[in-house]
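Written out below as structure tokens is the structure these notes cover.
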Amino acid sequence: MRARATVVYDDDCGFCRWSAERLRTWDRRHALRFVTLRSDEAERLLAPVPVDRRPRSWHLVTHDGRVWSAGAAVPEVLGLLPGGGLLSVVTAAMPDLTETAYTAIARRRSALGRLLGQRACSVDPSRGQATSQGTANA
């Protein structure tokens, strides 16, 4: 299956890498691609997002160019994952709570990365995918 959306994540954040890797593992259908925030591809995909807002959260970009960021991306991502439909509906029905939870976690991402440890946070969710230069990550 061709990826239907791209997750843009901060590869300078251990917790962010760990979280993206959990999503990649869950995504048995390969509906998602993973691109680092500092890549040329992310620059292109996130063109509609103000530059100063890009590093503040993760982003989901669909094949037609729609962008969801922070808590708004949660139900969209969950809806693309196997078994994530109910969670998608629940988080979409409570956007304020979803955004609040996302923000609370995002504010503590450095501490969460330290709790997970270097080994857990040293994953590369974009590995094995075609990059914007046309090569594959090992």
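Bear in mind these aren't lab numbers, they're just calculated from the coordinates by the rules spelled out. Quantities reported herein were computed from a predicted structural model and do not represent experimental measurements. Every residue, glycine as well, gets a Cβ built from its backbone with ideal geometry; the counts of neighbours run over all protein chains shown.
Rounded to the nearest 500 deg cm²/dmol, what is the calculated helix-only ellipticity per residue at 222 nm for the chain, with -39500 (n - 2.57) per DSSP H run of length n ≥ 4? Helices in the chain give a 222 nm mean residue ellipticity of -12500 deg cm²/dmol. The stretch between T100 and R22, if pulled fully straight at 0.36 nm per residue, gains 26.0 nm over its current Cα-Cα span. Of all the options A101, A31, A92, the one that moves most in a Gaussian network model of the chain with Cα springs shorter than 10 angstrom is A101.
Defining a contact as two alpha carbons under 8 Å apart and six or more residues distant in sequence, what relative contact order in percent does the chain show?
Working: 205 pairs, mean separation 39.0, N = 138.
After rounding, I find 28 percent.
Distances between placed amide hydrogens fall under 5 Å for F34 paired with V7, all partners being 5 or more residues away or on another chain. When the P(r) of the stretch 5-121 is calculated, the portion above 20 Å amounts to 41% of the C-alpha pairs.
For the chain, taking a cut-off of 4.7 Å between Cβ atoms, the unpaired cysteines are C121. Note on the chain: with a GNM built from Cα contacts shorter than 10 Å, the maximum mean-square fluctuation among W26, W58, W68 falls on W26.
For the chain, set up a GNM with springs between Cα atoms under 10 Å and report which of S126, S69, S39 has the largest fluctuation. Among S126, S69, S39, the largest GNM mean-square fluctuation belongs to S39. Beta bridges assigned by DSSP with both partners in the chain are antiparallel in approximately 60 percent of cases.
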